[in-house]
Amino acid sequence: MNARTIPIVAVPEDRQRKRATPKGRAVDPAALEEVRKLLGTASRASDLLIEHLHKLQDHFGHLSARHLAALAREMGLAQTEVFEVASFYHHFDIVKEGDSAPQALTVRVCDGLSCEMAGAQDLLARLPAILGADVRVIAAPCIGRCEQAPAVAVGQFPIAHATTTSVQTAVNGGRTKHDPQGFVDLQAYKDEGGYALLKTCIAGELEVEDVIKALEDSGLRGLGGAGFPAGRKWRIVRNEAAPRLMAVNIDEGEPGTFKDRVYLERDPHRFLEGMLIAAWAVGIAKVYLYLRDEYHGCRTMLERELAKLRAQPPYPGMPEIELRRGAGAYICGEESAMIESIEGKRGMPRLRPPYVAQVGLFGRPTLEHNFETLYWVREILEKGGAWFASHGRNGRKGLRSFSVSGRVKSPGVKLAPAGVTIKELIDEYCGGMQDGHALYAYLPGGASGGILPASMGDIPLDFDTLQPYGCFIGSAAVIVLSDQDTAVAAARNMMRFFAHESCGQCTPCRNGTAKASALIDKPKWDLDLLADLSQVMRDASICGLGQAAPNPVDCVIKYFPEELK
């Protein structure tokens, strides 16, 4: 026998050890019964995993290991699949065996740039002692209420312009829920002529070609940040094989952005009619709405209005509309990451090609749109593409909804001509700068859009006008800094956000954002190393998060060198 040969000895069958249960944590029968009772008759399809995790989190206040194992068994998924999804999203609290559950109530203090300038750090420092050990106080990334800075969420209830007193009152039960002033429900919308245009389309009085051409003539582009021409997108998806699906992005997580929330919580059916016109024109079989979890009030309202719409459909055969709930992940604002999340997975961007217009939701051609893009469809079709294009300044065309926050007297959503400058926007639409403050710098496109000095305040704000300066307009989230702020502090805030929100899929973004954040936290910046890091992140990151994350840092180095001395 060769010395290296190991003899094989047969083991009698009765002596073989057989596994009595599948690998992994044993499922607790009591936990399984609790999960079954909570899910009721709801489908156990795998794409509903995040929805079912929300049900567990809402009911029990956290996700226990025993319930995660039971949910995996009930949905026919591996426990690792369930755990990896639950652990990906910030709003799920996983409690491991032997650990204590979190407090029953969580207070999230937004530490985004606008809220930080308005005193969020002071709230974070003072609230734990005021609220006591029974309440968990944590910092949270931008919660989409930058015009209400500092903004706080007590559970799922938002507090505008929060103080220690108002938060304490809310914690002690002083919370009310109501629709915003001026809210237009289904009946009020119909009374104002709502859904008449959709019915005209369905009746054949408007041709699909006429509708798409009107969008093209208007110059309407995607208003979530990418700026892809809407009419062209409709044509592309319409030419793909059926069945086609539609995914609507209402996950606006870009710090400084809140326009979609403001429009949604006041006039939801204007958006829904535009969405259904798009579905008719492109031939959509089913629509999925992806709404960020921070917009709890909007979700409650939208569920109610969708129920009314299903009960009174504007036409027979209206496509099914399914509302999906995000779970606290900025990356899911990226279209392919959002699609992964709708499919019940971790929200990680896909490599492209193929593009979602060809292979999107569940492998089908998908029309992906931002909320506001669809919000404008009805008005453009009623008034004509030329009407929309007739607005504009400084050689630009169209209208823009600017989410303005920071050191202005009147922050909020400002509908202004495309191409307006920051100086015009502040003076004509925001009531000027706050008393005692002078314009120092501004972020034209949220966290990833870069930072420009006041001396460059005459640049038209629009698609394609800011790129020569290393910036972009994105979703038109404008954050205004004054002479009492610094661009360095703003860049540090933004980079902490990117490091927190990187999905971790690719090394340039995962390690690059964390490294950049650590480097710029130092008193003296290593400019050569930051330049190398920026180039690698731009060249090698899979999606726009890593590619654009260096913008604030690069802008500080280029436009604010005096702050680095």
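The values are calculated or read from the model by the stated rules, or taken from the named source; none is laboratory data. Predicted model, so just to flag it, every value in this text is computed and none were measured. We place every Cβ from the backbone using ideal geometry, glycine too, and count neighbours over all the protein chains shown. Note: areas computed on protein heavy atoms with side chains; ligands, DNA, RNA excluded. Shrake-Rupley method; radii C 1.70, N 1.55, O 1.52, S 1.80 Å.
Run down ARG232, ARG270, ARG261 and say which single residue is open to solvent by 30 Å² or more (accessible area, probe 1.4 Å), in contact (Cβ under 8 Å) with a residue 60 or more places away in the chain, in a helix (DSSP H, G or I) and under 30 Å from GLY449 (Cβ atoms).
Numbers: ARG232 fails: in contact (Cβ under 8 Å) with a residue 60 or more places away in the chain; ARG261 fails: open to solvent by 30 Å² or more (accessible area, probe 1.4 Å).
Going through ARG232, ARG270, ARG261 in turn, just one is open to solvent by 30 Å² or more (accessible area, probe 1.4 Å), in contact (Cβ under 8 Å) with a residue 60 or more places away in the chain, in a helix (DSSP H, G or I) and under 30 Å from GLY449 (Cβ atoms): ARG270.
Looking at ASP483, is it out of contact with any Asp or Glu (no Cβ under 9 Å at 6 or more places or on another chain) and either of a type in the set (Ser, Thr, Tyr) or more than 26 Å from GLY222 (Cβ to Cβ) (or both)?
Criteria met by ASP483.
Could you list all residues from segment 88-115 that are of a type outside the set (Gly, Ala, Ser), part of a helix (DSSP H, G or I), buried (at least 23 other Cβ atoms within 10 Å of the Cβ) and touching a residue at least 40 places away in the same chain (Cβ under 8 Å)?
Initially, segment 88-115 is screened for residues of a type outside the set (Gly, Ala, Ser), giving 88-97, 99, 102-103, 105-111, 113, 115.
Next cut, part of a helix (DSSP H, G or I) only: 88, 113, 115.
Narrowing the set further to residues that are buried (at least 23 other Cβ atoms within 10 Å of the Cβ) leaves 113, 115.
Within segment 88-115, just LEU113 meets the criteria.
Can you name the residue in segment 526-546 that is touching a residue at least 24 places away in the same chain (Cβ under 8 Å) and closer than 16 Å to ARG496 by Cα and is also surrounded by the most Cβ atoms within 10 Å (Cβ to Cβ) among such residues?
Filtering segment 526-546 for residues that are touching a residue at least 24 places away in the same chain (Cβ under 8 Å) and closer than 16 Å to ARG496 by Cα, the one surrounded by the most Cβ atoms within 10 Å (Cβ to Cβ) comes out as GLY546.
Check ALA242, ALA162 and return the single one that is open to solvent by 60 Å² or more (accessible area, probe 1.4 Å), part of a loop (DSSP other than H, G, I, E, B) and in contact (Cβ under 8 Å) with a residue 24 or more places away in the chain. Show your work before the answer.
Details: ALA162 fails: open to solvent by 60 Å² or more (accessible area, probe 1.4 Å).
Step by step, each of ALA242, ALA162 is checked, and only ALA242 is open to solvent by 60 Å² or more (accessible area, probe 1.4 Å), part of a loop (DSSP other than H, G, I, E, B) and in contact (Cβ under 8 Å) with a residue 24 or more places away in the chain.
Take segment 460-494 and flag every residue that is in contact with a Phe, Trp or Tyr (Cβ under 9 Å, 6 or more places away or on another chain) and open to solvent by 30 Å² or more (accessible area, probe 1.4 Å).
Answer for segment 460-494, where residues must be in contact with a Phe, Trp or Tyr (Cβ under 9 Å, 6 or more places away or on another chain) and open to solvent by 30 Å² or more (accessible area, probe 1.4 Å): ASP464, TYR469, GLY470, PHE472, ASP483, GLN484, THR486.
When you go through (1) under 29 Å from ASP462 (Cα atoms); (2) buried (at least 16 other Cβ atoms within 10 Å of the Cβ); (3) within 28 Å of the chain's Cα centre (by Cα) one by one for TYR195, which number turns out not to apply?
(1)
Hey, among TYR315, TYR288, which residue is assigned to a loop (DSSP other than H, G, I, E, B), among the aromatic types (Phe, Trp, Tyr) and touching a residue at least 60 places away in the same chain (Cβ under 8 Å)? Walk me through it before giving the result.
Values: TYR288 fails: assigned to a loop (DSSP other than H, G, I, E, B).
Going through TYR315, TYR288 in turn, just one is assigned to a loop (DSSP other than H, G, I, E, B), among the aromatic types (Phe, Trp, Tyr) and touching a residue at least 60 places away in the same chain (Cβ under 8 Å): TYR315.
Filter segment 318-341 for residues that are among the aliphatic types (A, V, I, L, M) and surrounded by fewer than 24 Cβ atoms within 10 Å (Cβ to Cβ) and give the result. First the steps, then the outcome.
From segment 318-341, those among the aliphatic types (A, V, I, L, M) are 318, 321, 323, 327, 329, 331, 337-339; that's our starting set.
Answer for segment 318-341, where residues must be among the aliphatic types (A, V, I, L, M) and surrounded by fewer than 24 Cβ atoms within 10 Å (Cβ to Cβ): MET318, ILE321, LEU323, ALA327.
Do you know which residues across segment 31-70 are among the charged types (D, E, K, R), under 22 Å from GLY155 (Cα atoms) and either open to solvent by less than 60 Å² (accessible area, probe 1.4 Å) or in contact with a Cys (Cβ under 8 Å, 6 or more places away or on another chain) (or both)? Spell out the reasoning first.
Here is the first cut: in segment 31-70, the residues among the charged types (D, E, K, R) are 33-34, 36-37, 44, 47, 51, 55, 58, 66.
From what is left, the residues that are under 22 Å from GLY155 (Cα atoms) are 51, 55, 58.
Listed by number, the list holds a single entry, GLU51.
Any chance segment 355-378 includes a residue that's in a loop (DSSP other than H, G, I, E, B), in contact (Cβ under 8 Å) with a residue 12 or more places away in the chain and surrounded by 24 or more Cβ atoms within 10 Å (Cβ to Cβ)?
As a first pass, look at segment 355-378 and keep what is in a loop (DSSP other than H, G, I, E, B): 355-360, 364-365, 376.
Those still in the list that are in contact (Cβ under 8 Å) with a residue 12 or more places away in the chain too: 356-358, 360, 364-365, 376.
This time we only want the ones that are surrounded by 24 or more Cβ atoms within 10 Å (Cβ to Cβ), so: 360, 365.
Yes, some residue in segment 355-378 is in a loop (DSSP other than H, G, I, E, B), in contact (Cβ under 8 Å) with a residue 12 or more places away in the chain and surrounded by 24 or more Cβ atoms within 10 Å (Cβ to Cβ).
For GLU303, indicate whether it is touching a strand residue (DSSP E or B) at 6+ places or on another chain (Cβ under 8 Å) and not aliphatic (A, V, I, L, M). Let's see the steps before the verdict.
Numbers: touching a strand residue (DSSP E or B) at 6+ places or on another chain (Cβ under 8 Å): yes; not aliphatic (A, V, I, L, M): yes.
So GLU303 passes the test.
Among residues belonging to segment 245-258 that are closer than 16 Å to ASN370 by Cβ and part of a loop (DSSP other than H, G, I, E, B), point out the one that is farthest from the chain's Cα centre (by Cα).
The qualifying residue farthest from the chain's Cα centre (by Cα) is GLY256.
With GLY182, GLY174, GLY193 as the choices, which residue is more than 20 Å from LEU272 (Cβ to Cβ) and either touching a residue at least 12 places away in the same chain (Cβ under 8 Å) or in a loop (DSSP other than H, G, I, E, B) (or both)? Can you show your working first?
On the way: GLY182 fails: more than 20 Å from LEU272 (Cβ to Cβ); GLY193 fails: more than 20 Å from LEU272 (Cβ to Cβ).
Result of the check over GLY182, GLY174, GLY193: GLY174.
Which one is most open to solvent (accessible area, probe 1.4 Å), of the residues in segment 116-159 that are in a helix (DSSP H, G or I) and in contact with an Asp or Glu (Cβ under 8 Å, 6 or more places away or on another chain)?
As a first pass, look at segment 116-159 and keep what is in a helix (DSSP H, G or I): 116-117, 120-131, 146-148.
Restricting the remaining residues to those that are in contact with an Asp or Glu (Cβ under 8 Å, 6 or more places away or on another chain) gives 117, 120-121, 124.
Working: MET117: 33, ALA120: 0, GLN121: 88, LEU124: 36 Å².
Among residues in segment 116-159 that are in a helix (DSSP H, G or I) and in contact with an Asp or Glu (Cβ under 8 Å, 6 or more places away or on another chain), the one most open to solvent (accessible area, probe 1.4 Å) is GLN121.
Checking ARG73 against (1) closer than 18 Å to GLU343 by Cα; (2) touching a Leu at 6+ places or on another chain (Cβ under 7 Å); (3) among the basic types (Lys, Arg), which single condition isn't satisfied?
Status for ARG73: all satisfied but (1).
When the residues of segment 165-192 are narrowed to those that are closer than 25 Å to PRO141 by Cβ and in contact with a Ser or Thr (Cβ under 9 Å, 6 or more places away or on another chain), which ends up surrounded by the most Cβ atoms within 10 Å (Cβ to Cβ)?
By that ranking, first place goes to ARG175.
Looking for something under 20 Å from the mean Cα position of the chain (by Cα) and modelled with pLDDT of 95 or more - is there at least one such residue anywhere in segment 302-316?
Residues of segment 302-316 under 20 Å from the mean Cα position of the chain (by Cα): 302-303.
Now drop any that are not modelled with pLDDT of 95 or more, which leaves 302-303.
Yes, there is a match, as at least one residue in segment 302-316 is under 20 Å from the mean Cα position of the chain (by Cα) and modelled with pLDDT of 95 or more.
Checking ARG407 against (1) within 27 Å of VAL556 (Cβ to Cβ); (2) open to solvent by less than 20 Å² (accessible area, probe 1.4 Å); (3) touching a His at 6+ places or on another chain (Cβ under 8 Å), only one condition comes out false. Which one?
Here ARG407 meets the rest and fails (2).
Within segment 18-29, identify whether any single residue is over 21 Å from LYS96 (Cβ atoms), among the small types (Gly, Ala, Ser) and either open to solvent by 100 Å² or more (accessible area, probe 1.4 Å) or modelled with pLDDT under 60 (or both), and answer yes or no.
Here is the first cut: in segment 18-29, the ones over 21 Å from LYS96 (Cβ atoms) are 18-20.
Checking the rest, the ones that are also among the small types (Gly, Ala, Ser) come to 20.
Remaining after also requiring either open to solvent by 100 Å² or more (accessible area, probe 1.4 Å) or modelled with pLDDT under 60 (or both): 20.
Yes - at least one qualifying residue is present in segment 18-29.
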